[in-house]
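The values are calculated or read from the model by the stated rules, or taken from the named source; none is laboratory data. Quick caveat: nothing in here was measured; it's all calculated off a predicted structure. All Cβ positions, even for glycine, are placed from backbone atoms using ideal geometry, and neighbour counts span all protein chains on display. Ligands, DNA and RNA are excluded from the accessible area calculation, which covers all protein heavy atoms including side chains. Shrake-Rupley method; radii C 1.70, N 1.55, O 1.52, S 1.80 Å.
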Amino acid sequence: TSGGQDSETVASLRLRTYERLRHRDRTVNYWDYERLILDNFPEIYKTKLLPCTNKDQKNTPGHVTVVVIPDQRGNNIIQPKCSQLLLDRIEAFMVTKSQPGIKVHAVNPTYESVHFDFYVSFLSGLDTGYYKQQLNRELQAFLSPWAFDKKDQIYFGAVFYKTDIIRFIETRKYVDYISTFEMYATGGESAVYGIGGMFVAASGDLENLDDFIVGETLRPAIDDMVVEDNFIVGRPVDVAVASSPSGILVTAVNHRIRIIEAGATSRSSINGIGIGSMAIEIDFIIP
């Protein structure tokens, strides 16, 4: 054994031998970079090479960036990341294997959160507080399964479809129905990167207020708002796509799930009615 790893099996030895004969302990193509790192750093789960790319993911000849994901699956970690020390070790190792004049960078993936905002009614007689948390946990496991099961894969460039999420929620045994479902993405062409890039329409114009969302409890200042609660960054999208080659779509920690009383036929029966609990263009309509 070595480095806390189990002893090598015959199958692993045979695979390592075949790979060693192919890359010959030096880097020429994409595959060589990736296999050398996986072979020498057992704590790494997956790699992806970005050729002619610097650490800022800009096109730069002579630079190579390797995106690395540590093997932290099954540990309830939605966004697994390598420490800076491990990234430095990988870069130092690749200096000894790369061709002269090639600068190798090791970076973590770019995790892009997807957030849901919807109304839901649970079956009559159920504890809404408990099942609200249960639904949030199941959404996390559905979108980022590797955080809960070590056997599940982490994919670069995954795509989330709004219809798939709605179907998943509606098939939960404790859900009666859902309403006004929105999916917000922080990446992709329709994304807004921070409050500095947001756009608020002219005063009194509510039609284009789609990338600065204020929640149902209106507060007087942005300082009092909570991200992913009543301050949501991103635009509603039907399809969420990673915005960069190193991007990985993940679930938000907490989705905005609002409860409709069991048996209600409209959102007029939402808990906490009152102008302070209403949201413009949802249950507070301006003629």
- Message: Based on this model, can you work out whether R219 counts as at pLDDT below 90, more than 24 Å from P80 (Cα to Cα) and out of contact with any Asp or Glu (no Cβ under 9 Å at 6 or more places or on another chain)?
- Response: yes
- Query: Among (1) crowded, with 18+ Cβ neighbours inside 10 Å; (2) touching a Cys at 6+ places or on another chain (Cβ under 8 Å); (3) β-branched (V, I, T), which single condition is V67 missing?
  - Reply: (2)
- Restricting region 140-164 to residues that are exposed (fewer than 14 other Cβ atoms within 10 Å of the Cβ) and modelled with pLDDT under 90, the residue that is nearest to S243 (Cα to Cα): G157
- Query: Only one of (1) loosely packed, with under 14 Cβ neighbours inside 10 Å; (2) within 18 Å of the chain's Cα centre (by Cα); (3) part of a helix (DSSP H, G or I) is not met by R167, so which one is it?
  - Reply: (2)
- Every residue from region 112-133 that is of a type outside the set (G, A, S) and open to solvent by less than 40 Å² (accessible area, probe 1.4 Å): E112, V114, H115, F116, D117, F118, Y119, V120, F122
- Query: Any idea which of Y33, Y18, Y45 is in a helix (DSSP H, G or I) and over 19 Å from T96 (Cβ atoms)?
  - Reply: Y18
- Mind listing just one residue for me: the one in region 16-62 that is surrounded by fewer than 19 Cβ atoms within 10 Å (Cβ to Cβ), touching a residue at least 40 places away in the same chain (Cβ under 8 Å) and over 27 Å from the mean Cα position of the chain (by Cα) and, of those, farthest from S243 (Cα to Cα)? D25
- Task: List the number of the failed condition for Q72; all other conditions in (1) surrounded by 15 or more Cβ atoms within 10 Å (Cβ to Cβ); (2) under 24 Å from Q99 (Cα atoms) hold.
- Result: (2)
- Item | So L13, is it surrounded by fewer than 15 Cβ atoms within 10 Å (Cβ to Cβ) and outside any loop (DSSP other than H, G, I, E, B) | yes
